[in-house]
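Chemist: I'd like to ask you about the structure that follows.
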Amino acid sequence: MNLLAGLSVTAGALNAYDQVLEVVQNNVANSSTPDYAEQTQNLEPLPFDVTDGAVGGVELGEVSSARDQYLNQAVRSQTVLLGQAQQNVTSLTALQSVFDVTGQSGISAALNNLYSAFSAWAQSPTDSTAQQSVLTNASALAQAFQQTAANLQTISGNTASQIQDTVTDVNNLIGQLQGYNQQIMNGNTHDASLDAQVDSTLDQLSQYIDFSAIQQSDGSYEILMNGQTPLLIEDQQYQISYQPVGPSATAAYPSGPPTASIVSSSGVDITAGTTGGQLGALLNIANTVLPSYLGDGNQQGDLNSLAQQFADTVNNLLTSGNISDGDPSNGVPATPGVPLFTYDTTNGTNVAASLAVSSTITPDQLAAIQPATDTTSEVSNGIALALSQLATPQNSSQEGDLDGASLSFSSFYGELAARVGGLLDTANNDLTVQQSAVAQAQNQRQQSEGVNLDQQAALLLQVQQAYDANSKFLSVLDEITSDVIQMMDPSTTT
Amino acid sequence: MNGAMLTAQLSAATARMELVLSGLKDASPAALDDCANLTEMACQELIGGIAAARTGPDADRDAEALEAALELRARIRQARRLLENVYRFHTGWNRLLGVRAGGYLPDGQAAPFPGAGRLCLRG
C-alpha cells in the first residue's frame with residue numbers, strides 16, 4: 001500500500017467514524033424525544049486487494065433504525081385495547097350513576113314508597129289521606145322514570161359528541177401523518193426526529209382506533225383502519241365520518257333513537273368492524289349498551305319496558321276494580337276504576353320519558369273495590385291489596401317480564417342496575433390488565449431493540465420453556481382457587 | 001375449615017401473584033423463570049393451607065375468605081393474560097423471522113425459523 005492510498009483509507013475511515021459519532025450524538029440529543037428509536041450506523045468493509053488497487057477500510061452503510069415495525073405494532077395492539085378499556089370505564093361509570101341501587105333515591109326508592117302507599121291505602125281504602133299519598137308517590141315514581149330516561153338521553157348525547165370528537169381527532173392525526181408521508185416521499189427518509197414524530201402520532205392514533213401501519217418501500221406509511229379501510233395511502237388521506245342513523249319506517253320502533261354509524265370516505269359503513277380503541281368502546285356504548293335501556297329501531301329498551309309493564313299492571317288492576325258499589329236495587333251501576341298512569345302510546349321507546357300520573361284522576365277515583373265474581377264475593381280493599389302485593393308478588397300476573405323471566409318489578413329494576421354494574425366490573429378488570437399489558441409490551445420493545453437473530457433464537461427457546469412452566473402452574477392455581485370459591489359460594493360463576 | 005386461616009393463605013398467594021405480575025410485565029426470560037417458581041410456590045402453599053384450614057371451624061361462606069379467593073382469581077387471570085401476550089409476541093416474531101428467512105410452507109404456514117446452527121455467509 002502506498003502512502004497516499006494509506007492516507008486515503010485513514011481519511012475515509014475517519015469520515016465514517018465521524019458520522020458514527022454524529023449518529024451517537026443524535027441519539028443523545030434525542031434521548032428525551034418521545035418514541036425516539038435509537039439509530040445505529042452500519043459500517044461496511046471495503047474490499048482489500050492489492051492486485052487491483054482495492055485498499056480496504058470501511059465506508060458508511062445505510063443508516064438503519066433499531067426500531068422494528070413488529071415491536072411497535074405489538075405495543076400499539078395493546079394500546080388499542082387500553083384505549084377501549086379506559087373509555088368503557090369512563091362511560092360505564094357515568095351510566096352506573098344513573099341507577100341507584102341503595103334504595104335511597106331514583107326509581108328504586110320511588111317504587112318502594114309507592115308500595116308503602118298502596119299498603120297504607122289497603123288498610124284504609126276510603127281514607128282520603130291514604131288515597132292522596134298513592135297519587136303523590138305514583139307521581140314521584142313517574143318523575144323518577146322521566147329523570148332516569150332524561151339522564152340516559154344526556155349520556156347518549158354526550159356519547160354521540162364524543163364519537164364525533166374522536167372521529168375528528170382520528171382525521172387530524174391521519175392528516176399529520178399525511179404531512180410526514182409527503183416529507184418522506186420528498187426524500188427525507190433518514191430523519192430520526194421525523195421518525196419519532198411518525199411513531200408518536202401512530203401511538204396516539206392507537207388509543208382511538210384499531211389500525212395497521214405498513215411502511216412502504218419508499219418509506220411512507222400506509223394506514224388501514226380495522227385492517228382494511230384505507231385512511232392514508234402515500235400522500236392521499238381518506239377521512240372517516242360519523243353519522244347518526246335513525247330507524248327505518250318499517251322498523252319495529254320507527255320512532256326509536258338513532259344509532260351511531262362510522263362511514264368511510266367511499267361511503268361504506270364500517271361501524272361493525274370498528275370494535276377497538278376508544279372509538280370502538282364508544283360505539284358499543286351508543287349502539288348496544290344504551291339501546292338496551294332506551295331502545296332503538298329493533299327494541300323497546302328495558303327501562304321503557306319496565307315503565308310500560310308496571311303502568312299497565314297498575315292500570316289493569318285499577319280498571320278491573322270499582323270506585324263505588326253503586327245501588328243495583330235502584331238501578332245505579334257501580335263506578336268502574338280509571339287508569340292511574342299515562343304514557344306515550346305511539347312510541348314504545350318513549351314510555352319512560354313520558355310516564356305520568358293521569359291529569360284527570362282525583363284521589364277519590366282510586367278503585368279499591370274488587371267486584372264479586374261467579375266464584376268470589378266482593379272485597380272492599382281487594383284492588384288496593386293486590387297493588388300492595390306487587391312488592392312481594394304472589395303470582396306471575398303481579399310480576400314483570402324481562403327477557404322471558406318473571407321478576408318482581410323491584411327485581412326487574414335491580415337487574416337493569418346490576419347489568420351496568422357487571423359491565424363496569426369487567427371494564428375495570430380489563431383496564432387493570434391492559435395497563436399491565438401495555439407496560440409489558442413497552443418492556444418487550446425496549447428489550448428486543450438491538451437484539452440480533454442469534455440472541456433472538458436463544459430468547460425464544462427460553463421464553464417457550466418458561467411459558468410452558470408458567471402456564472401449567474397458573475392452570476393448577478386457577479383450578480384450586482375456583483374450587484375454593486365454589487365451595488364457599490356455589491352461585492359464583494367460574 | 002378455619003376461615004381466618006384460609007383467608008391468610010389466599011392473601012399470601014395473592015401477594016405472590018403480585019410478584020408474578022410484576023415479573024410478567026418485565027417479560028425478560030429470567031423474570032419469566034422466577035414467575036414459574038413463584039407460581040409453583042403459591043400452588044404448594046395454597047394446597048397446604050387448604051388442608052390445614054380443613055381442621056379448623058367451618059369456613060364455608062366466609063365472606064372475607066371468599067373475597068380473598070376472588071381477588072386471587074382475578075390476579076391469576078391477569079397473569080394468564082400477560083403470559084399469553086408474551087407467548088403471542090414471541091411466536092409472532094418467530095413466524096415473522098421464519099417468513100423472512102425461509103418464506104412460506106406449501107400449506108401457507110410460515111417456514112420454521114432456523115434458530116440454531118445457522119451458517120452466515122457474507123460475500
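Chemist: Which of the following residues is facing another protein chain (nearest Cβ under 7 Å) and either modelled with pLDDT under 80 or touching an Asp or Glu at 6+ places or on another chain (Cβ under 6 Å) (or both): A:Leu416, A:Leu459?
Modeler: Exactly one of A:Leu416, A:Leu459 is facing another protein chain (nearest Cβ under 7 Å) and either modelled with pLDDT under 80 or touching an Asp or Glu at 6+ places or on another chain (Cβ under 6 Å) (or both), namely A:Leu459.
Chemist: Across the stretch A:169-196, what is the number of residues that are within 17 Å of A:Ser206 (Cβ to Cβ) and of a type outside the set (Asp, Glu)?
Modeler: So the answer is 10.
Chemist: May I pose another question? Could you check the stretch A:190-216 and list, in sequence order, the residues that are loosely packed, with under 15 Cβ neighbours inside 10 Å and assigned to a helix (DSSP H, G or I)?
Modeler: A:Ser193
Chemist: If the requirement is being in the same structural domain as A:Thr126 (by TED's automatic domain parsing), part of a helix (DSSP H, G or I) and without any contact (Cβ under 8 Å) to a residue 60 or more places away in the chain, which of these qualifies: A:Asn298, A:Asn316?
Modeler: One residue alone meets the criteria, A:Asn316.
Chemist: Could you tell me whether the stretch A:282-305 includes any residue that is among the small types (Gly, Ala, Ser) and either in contact with a His (Cβ under 9 Å, 6 or more places away or on another chain) or at pLDDT below 95 (or both)?
Modeler: There is no residue in the stretch A:282-305 that is among the small types (Gly, Ala, Ser) and either in contact with a His (Cβ under 9 Å, 6 or more places away or on another chain) or at pLDDT below 95 (or both).
Chemist: I need the full set of residues from the stretch A:462-494 which are facing chain B (nearest Cβ under 7 Å) and either of a type in the set (Asp, Glu) or in contact with a Phe, Trp or Tyr (Cβ under 6 Å, 6 or more places away or on another chain) (or both), in order please.
Modeler: Residues satisfying the conditions are A:Tyr467, A:Asp478, A:Asp489.
Chemist: Sort out which residues of the stretch A:319-364 are crowded, with 17+ Cβ neighbours inside 10 Å, assigned to a loop (DSSP other than H, G, I, E, B) and in contact (Cβ under 8 Å) with a residue 60 or more places away in the chain, and write them in order of number.
Modeler: Answer for the stretch A:319-364, where residues must be crowded, with 17+ Cβ neighbours inside 10 Å, assigned to a loop (DSSP other than H, G, I, E, B) and in contact (Cβ under 8 Å) with a residue 60 or more places away in the chain: A:Gly321, A:Leu340, A:Asn347, A:Leu355, A:Ile361.
Chemist: Further, regarding this structure: Being surrounded by fewer than 15 Cβ atoms within 10 Å (Cβ to Cβ), assigned to a helix (DSSP H, G or I) and at pLDDT below 70 narrows it down to one of B:Arg88, B:Arg100, B:Arg122, B:Arg61, so name that one.
Modeler: Only one candidate passes the filter, namely B:Arg100.
Chemist: If you check A:Ala466, A:Ala441, which single one turns out to be buried (at least 20 other Cβ atoms within 10 Å of the Cβ), closer than 30 Å to A:Ser91 by Cα and either modelled with pLDDT of 85 or more or not β-branched (Val, Ile, Thr) (or both)?
Modeler: Of the residues listed, the single one that is buried (at least 20 other Cβ atoms within 10 Å of the Cβ), closer than 30 Å to A:Ser91 by Cα and either modelled with pLDDT of 85 or more or not β-branched (Val, Ile, Thr) (or both) is A:Ala441.
Chemist: Of everything in the stretch B:63-76, what is within 7 Å of another protein chain (Cβ to nearest Cβ) and either farther than 15 Å from B:Leu19 by Cα or within 12 Å of the chain's Cα centre (by Cα) (or both)? Give them in sequence order.
Modeler: B:Ala65, B:Leu66, B:Ala69, B:Leu70, B:Ile76
Chemist: If a residue has to be surrounded by 15 or more Cβ atoms within 10 Å (Cβ to Cβ) and in contact (Cβ under 8 Å) with a residue 12 or more places away in the chain to count, how many in the stretch A:176-189 make the cut?
Modeler: Summing the residues that are surrounded by 15 or more Cβ atoms within 10 Å (Cβ to Cβ) and in contact (Cβ under 8 Å) with a residue 12 or more places away in the chain in the stretch A:176-189 gives 8.
Chemist: Continuing with this model, one more query. In the stretch B:35-55, what residues are surrounded by 19 or more Cβ atoms within 10 Å (Cβ to Cβ) and either closer than 11 Å to A:Ala469 by Cβ or modelled with pLDDT of 80 or more (or both)?
Modeler: Result: B:Cys35, B:Ala36, B:Leu38, B:Thr39, B:Ala42, B:Cys43, B:Leu46.
Chemist: Does the stretch A:266-289 include one or more residues that are polar (S, T, N, Q), free of Cβ contacts under 8 Å to residues at least 12 places away in the same chain and assigned by TED's automatic domain parsing to the domain that holds A:Thr154?
Modeler: Yes, that holds for at least one residue.
The values are calculated or read from the model by the stated rules, or taken from the named source; none is laboratory data. Worth saying up front: this structure is predicted, and the values here are computed from it rather than measured. Heads up, the Cβs are rebuilt from the backbone with ideal geometry, glycines too, and the neighbour counts pull from every protein chain shown.
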